[in-house]
Amino acid sequence: MACHALISANSGELKSPRLDLIRRVFWHCSIMETYLNLELEIPLTGLDKLEGKVGLPDFSGPFCEADYLGNQESRFQEHFASQIVLRQLSVGFHDTMRDATGPTAAPMPFPPPDRQTQPSEGSNPVITTINHLAYQLDQWRALLPVHLRWSDGQASAFSTPIPDLFTQGGMYPPQQMQAMFTADISSPSAPYPYATDVQVAMLRTRYYYTKYLLYRPAIYKALHHTNMLSTDDAKAVAECLKASLKWPIIMAPTCHRKRLVPCLFFWTQNLLGVLILLHLSQQVPVLSNIRARFCDNTFDMDATDTVNLSIAWIRDLKDVDATAEWCWNVLRGMYRLDD
């Protein structure tokens with residue numbers, strides 16, 4: 001609301017020397033508001049209607065030399081622009097899925113559970129739509145600047161090829177060259193300058209989070225319409241499970257810098273959802289069968305790491321954050337946790 005008031009109440013700010021800084025504040029707020037709306041249905045404040053008026057940041061504002069060098073070495077401008085594009089894609093995905101599945105969030109255009117008609121492979125328009133949107137998401141990742149790219153199965157690794165600034169003599173310690181993030185949160189890790197690990201972790205995590213959301217309707221069908229599950233549906237369930245694994249923000253060193261992660265309660269409640277899903281994937285026969293058949297040999301190990309990392313995240317926050325405390329109380333019985 002403060003950002004909305006800053007722009008609406010004083011149009012002169014958009015002609016002031018602070019314009020580019022205001023644009024960056026605006027888009028940061030817009031990104032956060034969008035994800036809160038898509039996930040929690042928290043009402044929008046109207047920032048989305050000001051996008052054309054505000055415009056995109058061009059990072060032309062005045063900088064001191066230290067800020068300029070930091071922005072250049074951390075690729076801050078490229079990270080920020082990529083987050084804006086991903087946010088716009090997410091809004092488009094949400095609108096497309098709403099049109100494909102109906103006006104409400106939970107009910108899907110699936111037949112009633114008691115219908116015995118066998119599904120025909122490749123006939124599910126919802127899965128077709130999801131796969132098309134997932135392809136667009138992968139295209140977004142493929143078109144990232146080379147210094148921001150990563151490949152599946154290497155979400156914890158440095159971008160390939162490793163840019164000069166990552167090599168010995170650059171900004172990163174040589175001992176951290178093997179991986180940018182690690183599931184071993186007990187090992188000492190030097191924080192990255194300019195909070196680069198937080199920037200990279202947020203970008204990659206939002207990619208996997210968006211993919212997780214795209215395929216999540218298949219989980220609903222698997223649980224509520226098991227008799228209508230096709231091979232394509234089962235593959236979509238597997239994609240959702242795989243997209244929930246080892247988000248970089250819950251790995252070291254970023255998990256030790258939670259104060260720099262915007263909107264912690266948003267990620268905490270999503271990690272609760274991941275923990276519930278992974279628990280169900282072991283307890284519910286249809287999900288456990290899909291997990292065994294369509295997920296690769298590394299899935300079980302990665303799932304165990306994800307469970308441990310997510311529990312550690314919530315455990316670390318439960319004494320200072322009400323959302324984490326509530327999540328912890330839910331998880332205590334499910335995972336038999338001790339305080």
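The values are calculated or read from the model by the stated rules, or taken from the named source; none is laboratory data. Note that the coordinates shown come from a computational prediction; the quantities given were computed from them, not determined experimentally. Because the Cβ atoms are built from the backbone with ideal geometry, glycine has one as well, and the counts that use them run over all protein chains shown.
A few comments on the model shown:
- Members of region 57-71 found to be more than 20 Å from L19 (Cα to Cα) and either surrounded by 17 or more Cβ atoms within 10 Å (Cβ to Cβ) or of a type outside the set (G, A, S) (or both), listed by number: L69, G70
- Applying the condition of being surrounded by fewer than 22 Cβ atoms within 10 Å (Cβ to Cβ) and either of a type in the set (G, A, S) or closer than 30 Å to P191 by Cβ (or both) to region 227-237 and asking which residue is nearest to the chain's Cα centre (by Cα) yields A234.
- Test: residue in region 178-201 that is modelled with pLDDT under 80 and among the aromatic types (F, W, Y): no
- Answer from I249, I276 - the residue that is assigned by TED's automatic domain parsing to the domain that holds H132, among the hydrophobic types (A, V, I, L, M, F, W, C), in contact with a Ser or Thr (Cβ under 8 Å, 6 or more places away or on another chain) and part of a helix (DSSP H, G or I): I249
The rows are residues; the columns are (1) under 21 Å from N329 (Cα atoms); (2) surrounded by 16 or more Cβ atoms within 10 Å (Cβ to Cβ); (3) under 17 Å from the mean Cα position of the chain (by Cα).
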position	(1), (2), (3)
Y212	no, yes, yes
A222	no, yes, no
I249	no, yes, yes
Q283	yes, no, no
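- Applying a threshold of 6 Å to beta carbon distances and a minimum spacing of six or more residues, or different chains, the list of pairs starting in region 304-329 at a residue that is in the same structural domain as R259 (by TED's automatic domain parsing) and of a type in the set (F, W, Y) and ending at one that is at pLDDT 95 or above and in a loop (DSSP other than H, G, I, E, B) reads W328/K318.
- A single member of S281, S288 is of a type in the set (S, T, Y) and in contact (Cβ under 8 Å) with a residue 40 or more places away in the chain, and it is S281.
- Some residue of region 17-32 being among the basic types (K, R), closer than 24 Å to W140 by Cβ and part of a helix (DSSP H, G or I): yes
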